[in-house]
1. Which residue pairs have Cβ atoms closer than 7 Å, lie 6 or more positions apart in sequence or on different chains, and pair a first residue in region A:25-38 that is more than 14 Å from chain B (Cβ to nearest Cβ) with a second residue that is surrounded by fewer than 20 Cβ atoms within 10 Å (Cβ to Cβ) and part of a strand (DSSP E or B)?
2. Would you check if there is a residue in region A:140-154 being modelled with pLDDT of 95 or more and within 14 Å of chain B (Cβ to nearest Cβ)?
3. Taking the condition facing another protein chain (nearest Cβ under 10 Å) and either part of a loop (DSSP other than H, G, I, E, B) or surrounded by 17 or more Cβ atoms within 10 Å (Cβ to Cβ) (or both), does A:ILE42 pass?
4. Can you find, within region A:134-167, the residue that is least open to solvent (accessible area, probe 1.4 Å) among those that are of a type in the set (D, E, K, R) and within 16 Å of the chain's Cα centre (by Cα)?
5. Hey, could you check region B:56-105 for residues that are modelled with pLDDT of 90 or more and of a type in the set (Asp, Glu) and say which is farthest from the chain's Cα centre (by Cα)?
6. I need the full set of residues from region B:108-143 which are in a strand (DSSP E or B), touching a helix residue (DSSP H, G or I) at 6+ places or on another chain (Cβ under 7 Å) and of a type in the set (A, V, I, L, M, F, W, C), in order please.
7. Out of the residues in region A:1-18 meeting the condition of being in contact (Cβ under 8 Å) with a residue 40 or more places away in the chain and in contact with a helix residue (DSSP H, G or I) (Cβ under 7 Å, 6 or more places away or on another chain), tell me which one is most open to solvent (accessible area, probe 1.4 Å).
8. In region A:25-38, how many are open to solvent by 10 Å² or more (accessible area, probe 1.4 Å) and under 17 Å from A:ASN126 (Cα atoms)?
Number of protein chains: 2
Amino acid sequence: MDDRIYFSYAKIHNTVKLLSEKIIESGYHADVIVAIGTGGFIPARILKTYIKLPILTVGLKLYDENNNPASRPKKIQWIDEVEQKITGKRVLLVDEVDDSRITLEYCLRELLRHDPEEIAVAVLHNKLKDKIGHYPDEIGRIYFGEELEDRWVVYPWDTIDIIDHEEKARLQNN
Amino acid sequence: MDDRIYFSYAKIHNTVKLLSEKIIESGYHADVIVAIGTGGFIPARILKTYIKLPILTVGLKLYDENNNPASRPKKIQWIDEVEQKITGKRVLLVDEVDDSRITLEYCLRELLRHDPEEIAVAVLHNKLKDKIGHYPDEIGRIYFGEELEDRWVVYPWDTIDIIDHEEKARLQNN
């Protein structure tokens, strides 16, 4: 076994459940989920099972065509500004991991320009490490399912051989 | 056990793998995946592992606030027409199931207005039943991972208790 952390789908599903319980217990009543693509798609869709809200998506990529880090995230798809779908709304922004925090900061600053009532952040995993990005002052509610040490995480949806992956996760009690 | 079909996440993942193999073997080289929300989010994200493409999303709902069927699908989020992100492109439209075909037909007719080069359809499951919706004549490539008899399907992301769900799926060899 290598040094990477493997998560099974069932473990991810239960981490989303835990995350949903933290959000509900805090009393935050969001109007809409905004999923950051593509890492946030699966957590957001599972979250919708526990917190029934419409899902909007924003697509970002942090790497260029040669898979090198870009200087800043590039928008793949964005919420149609004309319809101002988040203005005055309570938003729950969902991604899979708070790692460097660069994508989250970029995304939050862009969304704040649409004048939402509030934006809260919900991620499956918060990696315990120094962050390059920072949460804007407007962000008061940050939810995570689980904290992780700073190791490479392998999510089930990224795996080619799911049977092998689920077995590796099982051996790690994940 | 009731009459419903339960699918585990691992089975879904492998059905997406099979679907990707059918698409690749057919020689269809898409430029972009368009996922129909929210059922298509998880299949599309897994598909990206096997066919590396950007994912755009379109959000639709077929039911009104009282959970009654609406007369036609309502747009939750749509691709920004101004940027014409699919004009001249080869699109792979992804959803979880071809059931009544109403959502797929609606979505295809709307997307065809943006003048894509081609649109192909990829669904996890095709239910063997009379369809209410119809594929527009422009649609020549339709891929499905598996054909199912017309029974209620329980997808893992819709389940509250994932451990119980995965056990039910295991008993059905799913």
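1. A:TYR28/A:ALA120; A:HIS29/A:ARG90; A:ALA30/A:ARG90; A:ALA30/A:ALA120
2. yes
3. Values: facing another protein chain (nearest Cβ under 10 Å): yes; either part of a loop (DSSP other than H, G, I, E, B) or surrounded by 17 or more Cβ atoms within 10 Å (Cβ to Cβ) (or both): yes.
So A:ILE42 fits the description; yes.
4. Residue satisfying both the conditions and the ranking: A:GLU146.
5. In this case the residue turns out to be B:GLU105.
6. Here is the first cut: in region B:108-143, the ones in a strand (DSSP E or B) are B:118-127, B:142-143.
Narrowing further to those that are touching a helix residue (DSSP H, G or I) at 6+ places or on another chain (Cβ under 7 Å): B:119, B:121-122, B:124, B:143.
B:ILE119, B:VAL121, B:ALA122, B:LEU124, listed by residue number.
7. Filtering first and then ranking leaves A:MET1.
8. 0
The values are calculated or read from the model by the stated rules, or taken from the named source; none is laboratory data. This is a predicted model, so every value here is computed, not measured. Note that each Cβ is placed from the backbone with ideal geometry, even for glycine, and that neighbours are counted across all protein chains shown. Note: accessible area is taken over every heavy atom of the protein model, side chains too, but ligands, DNA and RNA are not part of it. Shrake-Rupley method; radii C 1.70, N 1.55, O 1.52, S 1.80 Å.
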